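S.K.: Below is the structure I would like to discuss, written out as structure tokens.
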Amino acid sequence: MPDGSTGARSGHALSLRNLSKVYGSLAAVDGVDLDVPRGSFLTLLGPSGSGKTTILMAIAGFVEPSGGSILLDDKDITRFPPDKRNFGMVFQGYALFPHMTVADNIWFPLKVRGVSKADASAKIKSALELVQMGHLAERYPSQLSGGQQQRVALARAIVFEPDLLLLDEPLSALDKKLRADLQWELKSLHQRLGTTFIYVTHDQEEALSMSDTIIILRDGKIEQQGQPGALYEKPATRFVADFLGKSNFLQGTVGEKKDGAFTYVCGGQPLVQVGAAEHTKVNGDVVVALRPEKIALSAERPAATNAVSGKITAFNYYGSAYHFQVQTEALGELIATTPAWTCQIEPSIGNTIWLGWEPDASVVVRDR
Amino acid sequence: MHASLRRVYWWLIAPAVLLMLVFYIYPLIQVLWISVTDPVPGLGNYSELIDRALIHRIWMTTIRVCVITTVITVVCGYIVAYTMAQVGERQRTWMMFCVLLTFWLSVLIRAFAWVMLLRTQGLINTGLQELGLIDQPLRLVRNEFGVIVGMVHFMLPLAVLPIYSNMTGIQDRLVSAARGLGASPWVAFKDVYLPLSKPGLIAATILVFVFSLGFFITPALLGGGKVVMISEYIQVSFEETLRWGQATMLASTLLFSVFLSLALVARFVDLKKVFGAR
């Protein structure tokens, strides 16, 4: 039982081997190989139709794979029905039983395992306290707010000490502030329980803030996987750079290569970029992804290696930051963000400003 | 709501209210009035409920047939509705069409059709005899069996529709959630789906039982005079023995028993909720 000790229990490991699911002629999941380490927090991230939910439903046992296998600690569970897998699941929209009280909802997984309510009461209580819902045990789900329902769904999914916890966009129905709070709570819950979490979302912020590992899915295939920081800093493709955070894309022609860096020309503007020698050849095409927050903004021409000037066409103020759209001669429209309190330029439409960045601020991506 | 708008709504329902008053409430009051005044003023007609063995027997037949009909209809209706809620869109449309099809046939035609099927030389008996499964024809009609078959057939859509309508409001993922939390398919149904479909079941039970109590044509035709239920006896009293006092007493009692059964159910469930008023 979750007792508040830090990461005491080692979770279970899950592996997918060449998993696929075909609906008619459409492959929703197309040969996915994946290893989820013990006790990790793994996020399946992708736009709708990328196959992330289908993968989760196959792991849970609600979708029968067309091919491949699912292994829990090397045990093949591909053909197990959902009730024989011992996985906790938090559904999109919570799926609390409306005819049962909060306490009975949490008792349910214990009840079907033959535990009487009297014997289960201690577990129900501590599960409720773990999600700070102890005082609402006798309420019905319809009497709770969305955030409270979400906490109950979470308590119900962990009370029976499942081998895995599966979460299907659990925060998507909540407002932004509550979503941010629950991200902290989920992460701390994961650390306390030590259970392996598999989390599905289309929200890149949730993925970045909580996960040990992010799997980015596209058209039923894994596009890229890795730690949040590594994925954000080194996106392999244009798709990843665009989906995980925002990016400007500079398309150019490679000039010369020298000392682990190369020059390229984009719209007549010569620029310098480090790395990725294997993806580039002289006179070949190249795509460089440049994060908006890595562009320094200044009123005068900066000393940075790469610098272009442009006119502000639009800007938004977010309190903590400014977001600018800047029309440049050579590179087209670029977006750039800067902390509002250190903003070096006059934020007004039509104002001409300079954008500067170093060769290692941007990254070469494959154009797909 | 705006006061003047509310007045418009009252005017809109006024014709219906007027129609009900003139053609429904007024005759009803007259029925109640005759039952305590004909042939002599007093509760003499009602004492027959206690004194006369024939009326006891008719009432017992009525209640027995109604209860059996209701149980069979609601169970079958639940199965049909559950299947409709599970299958794909195309099959569902076809099933709904078949359920409603019986509504479009005259109740008289349906009762006669059952007589044709169930009688001694009917399709079922001759078929079974030719297959060598029976030597003597079975008595399938002019008894309670025949009446119940005909009544269940008539009542089935009345059970399917409220149950199905309730089931469409049950989220599929609740059953999935139960399965995911470790419940077998049967336990997930018993502990989650069945309780959630209870309002539909209760609505169907009330609807079918109340309808059955006053049912006339089907019991009269399929009972063939052997299974006399209240409404048939009312008709006999009105038109053949011309005992209007007795007829109106029985009609009034029928009405009260409908109210009584609703009141009984209301003790256990919120009827407003069941019938969607809340």
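S.K.: Output the number of the condition that A:PRO141 fails; it satisfies all remaining conditions of (1) within 11 Å of chain B (Cβ to nearest Cβ); (2) crowded, with 22+ Cβ neighbours inside 10 Å.
M.R.: Failing condition for A:PRO141: (2).
S.K.: Sticking with this one: Here's a check for you: in the stretch A:42-86, which residue that is among the hydroxyl-bearing types (Ser, Thr, Tyr) and part of a helix (DSSP H, G or I) is nearest to the chain's Cα centre (by Cα)?
M.R.: So the first thing to find is which residues in the stretch A:42-86 are among the hydroxyl-bearing types (Ser, Thr, Tyr), and the list is A:43, A:48, A:50, A:53-54, A:66, A:69, A:78.
Right, trim to part of a helix (DSSP H, G or I) and you get A:53-54.
Values: A:THR53: 13, A:THR54: 16 Å.
My answer is A:THR53.
S.K.: Can I ask one more? Scan A:LEU130, A:LEU96 and give me the residue that is within 17 Å of A:LEU189 (Cβ to Cβ), in contact (Cβ under 8 Å) with a residue 12 or more places away in the chain, assigned by TED's automatic domain parsing to the domain that holds A:VAL32 and not charged (D, E, K, R).
M.R.: On the way: A:LEU96 fails: within 17 Å of A:LEU189 (Cβ to Cβ).
Exactly one residue qualifies, and that residue is A:LEU130.
S.K.: Another question about this same structure. For the stretch A:204-300, give me every one of the helices (runs of 4 or more DSSP H) that falls completely inside it and has 3 or more residues that are free of Cβ contacts under 8 Å to residues at least 60 places away in the same chain. It would help to see each step written out before you state the result.
M.R.: On the way: elements: A:204-210, A:228-233, A:238-243.
The helices (runs of 4 or more DSSP H) meeting that bar are A:204-210, A:228-233.
S.K.: Under the condition of being of a type in the set (A, V, I, L, M) and more than 7 Å from chain A (Cβ to nearest Cβ), which residue from the stretch B:179-200 is nearest to the chain's Cα centre (by Cα)?
M.R.: Applying the first criterion (of a type in the set (A, V, I, L, M)) to the stretch B:179-200 yields B:181, B:183, B:187-188, B:192, B:194, B:196.
With the extra rule that they be more than 7 Å from chain A (Cβ to nearest Cβ), the set shrinks to B:188, B:194.
Working: B:ALA188: 30, B:LEU194: 22 Å.
Out of the qualifying residues, it is B:LEU194.
S.K.: Still on this structure, I have one more. Is there a residue being closer than 23 Å to A:ARG151 by Cβ, among the polar types (S, T, N, Q) and more than 14 Å from chain B (Cβ to nearest Cβ) anywhere in the stretch A:3-23?
M.R.: Let us first name the residues in the stretch A:3-23 that are closer than 23 Å to A:ARG151 by Cβ, namely A:3-9, A:11.
Subsequent filtering for residues that are among the polar types (S, T, N, Q) retains A:5-6.
In the following step, the residues that additionally are more than 14 Å from chain B (Cβ to nearest Cβ) were identified as A:5-6.
Checking the stretch A:3-23: at least one residue is closer than 23 Å to A:ARG151 by Cβ, among the polar types (S, T, N, Q) and more than 14 Å from chain B (Cβ to nearest Cβ).
S.K.: Continuing with this model, one more query. Just name the residue that is surrounded by the fewest Cβ atoms within 10 Å (Cβ to Cβ) out of those in the stretch B:180-213 that are within 17 Å of A:VAL115 (Cα to Cα) and aliphatic (A, V, I, L, M).
M.R.: Filtering first and then ranking leaves B:VAL187.
S.K.: Residues in the stretch A:85-124 that are more than 8 Å from chain B (Cβ to nearest Cβ) and surrounded by fewer than 15 Cβ atoms within 10 Å (Cβ to Cβ): how many?
M.R.: 6
S.K.: Check every one of the helices (runs of 4 or more DSSP H) wholly within the stretch B:90-179 and list those with 3 or more residues that are in contact (Cβ under 8 Å) with a residue 40 or more places away in the chain and surrounded by 16 or more Cβ atoms within 10 Å (Cβ to Cβ).
M.R.: The qualifying helices (runs of 4 or more DSSP H) are B:107-118, B:144-167.
S.K.: Take B:LEU21 and tell me if it is part of a helix (DSSP H, G or I), loosely packed, with under 11 Cβ neighbours inside 10 Å and over 27 Å from the mean Cα position of the chain (by Cα). I'd like the intermediate steps shown before the answer.
M.R.: Details: part of a helix (DSSP H, G or I): yes; loosely packed, with under 11 Cβ neighbours inside 10 Å: yes; over 27 Å from the mean Cα position of the chain (by Cα): no.
Considered against the rule, which asks whether it is part of a helix (DSSP H, G or I), loosely packed, with under 11 Cβ neighbours inside 10 Å and over 27 Å from the mean Cα position of the chain (by Cα), B:LEU21 comes out as no.
The values are calculated or read from the model by the stated rules, or taken from the named source; none is laboratory data. Since the structure is predicted, the reported quantities are computational estimates derived from the model, not experimental observations. Neighbour counts are summed over all protein chains in view; Cβ atoms, including those assigned to glycine, are modelled from backbone coordinates with ideal geometry.
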